[in-house]
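Notes follow once the structure below has been shown.
The values are calculated or read from the model by the stated rules, or taken from the named source; none is laboratory data. Bear in mind the structure is a predicted one, so any value in this text is a computation, not a measurement. Cβ coordinates were reconstructed from backbone atoms using ideal geometry, including for glycine residues, and neighbour counts include every protein chain displayed.
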Amino acid sequence: MLASSVDGRIHKLLTHLETLIVGRQWPLKLSLVTLLSGGHALLEDVPGVGKTLIARSLAAAIGGRFQRIQFTPDLLPADVTGSSVWNPQKGSFEFIPGPVFANVLLADEINRATPRTQAALLEVMEEQQVTTDGVSRVLDAPFFVIATQNPIEYQGTFPLPEAQLDRFTLSFSLGYPSEGEELQMLKRQLEPTATKKPEAPLSPQDVIELRQRCQAVTVTEPLQRYILALVRRTRDDNQILLGASPRGAIALQRAGQALAYLEGRDFVLPDDIKILAPYALAHRIVPASGKQADKQIARIIDTTAIP
């Protein structure tokens, strides 16, 4: 089993986040799974349900730097990655880092930016570096992107290409809070605002160490074959035009390891994979006309034997 010190850090992190965020236990756990698996999260939901709060809270909880980019049609790639400007005092160009140089980056309404600007995130999310003027600059670790898009607004938007979607480990929505949770939110608004920020329960180095421990969680070969069975069926199904990539299989395995670790186990269960598969695979496939991606993944899960 896991060391008690690690259990303590996870418990401390979850307790801290629950004091900042009302309800949202499952979306919050999915966010932590994505963070600890070394991936990125895509949240598709309506405005005002707490997407920014989760991103800010995670950044504060790990003592990391938080940056937010409001994506708009006139946003340029240099506005995301940074650019070189002339420094007259030095007589040379100087690189000014963009907002991607952070530990937690909120890419708000990412589908409002043009494909050219969206492409600026491809290298950043996959290789965690920025290349400008022939020079590659490595981002600080950990680096975690939470991107959002509004599912009900289509005017002035540019759908994310498959290559961009494939770089998100999990995709999920928050949904509206329950009546009790929403009442608790209203009550919190009447409480005095704390003048002192709470101390971060974790450090960026803690997150790096926890990621390494997640990678050490055992995944048996039969379970890997189950992952591959799910992924490969998306490629052979006549109701799916484009199936999940090998990156999707890797993401599902890493997410399973992170979920098992959060649950206090040093091994992944088939149920971990079954639970996470809709969030790891639905956004990676292109269903046939008139079909919904999540329902196709659910059908594949229901008809695939569990080891």
Any residue in region 143-163 that is within 15 Å of R65 (Cβ to Cβ), in contact (Cβ under 8 Å) with a residue 40 or more places away in the chain and surrounded by fewer than 20 Cβ atoms within 10 Å (Cβ to Cβ)? no
Selection count where residues are without any contact (Cβ under 8 Å) to a residue 24 or more places away in the chain and more than 26 Å from T218 (Cβ to Cβ), scope region 267-292: 3
Output the number of the condition that A59 fails; it satisfies all remaining conditions of (1) closer than 21 Å to A163 by Cβ; (2) at pLDDT below 90; (3) in contact with a Phe, Trp or Tyr (Cβ under 7 Å, 6 or more places away or on another chain); (4) not hydroxyl-bearing (S, T, Y). (1)
Determine if region 199-207 includes at least one residue that is closer than 22 Å to W26 by Cβ, charged (D, E, K, R) and either in a loop (DSSP other than H, G, I, E, B) or without any contact (Cβ under 8 Å) to a residue 12 or more places away in the chain (or both). no
Would you point out which residue out of R56, R9, R68 is of a type outside the set (S, T, N, Q), in a helix (DSSP H, G or I) and without any contact (Cβ under 8 Å) to a residue 60 or more places away in the chain? R56
Can you tell me which of R225, R233, R211 is surrounded by 13 or more Cβ atoms within 10 Å (Cβ to Cβ) and either in the same structural domain as D272 (by TED's automatic domain parsing) or without any contact (Cβ under 8 Å) to a residue 40 or more places away in the chain (or both)? R233
Taking region 102-118 as the search range and keeping residues that are hydrophobic (A, V, I, L, M, F, W, C) and touching a strand residue (DSSP E or B) at 6+ places or on another chain (Cβ under 7 Å), which one is farthest from F168 (Cα to Cα)? A102
Those residues that are assigned to a helix (DSSP H, G or I) and either of a type outside the set (A, V, I, L, M, F, W, C) or within 18 Å of F143 (Cβ to Cβ) (or both), I need them from region 31-53; list them, please. S31, L32, V33, T34, L35, L36, K51, T52
Tell me which strands (runs of 3 or more DSSP E) are completely within region 105-185 and hold 3 or more residues being modelled with pLDDT of 90 or more, within 19 Å of P27 (Cα to Cα) and among the hydrophobic types (A, V, I, L, M, F, W, C), or say none if there are none. 144-149
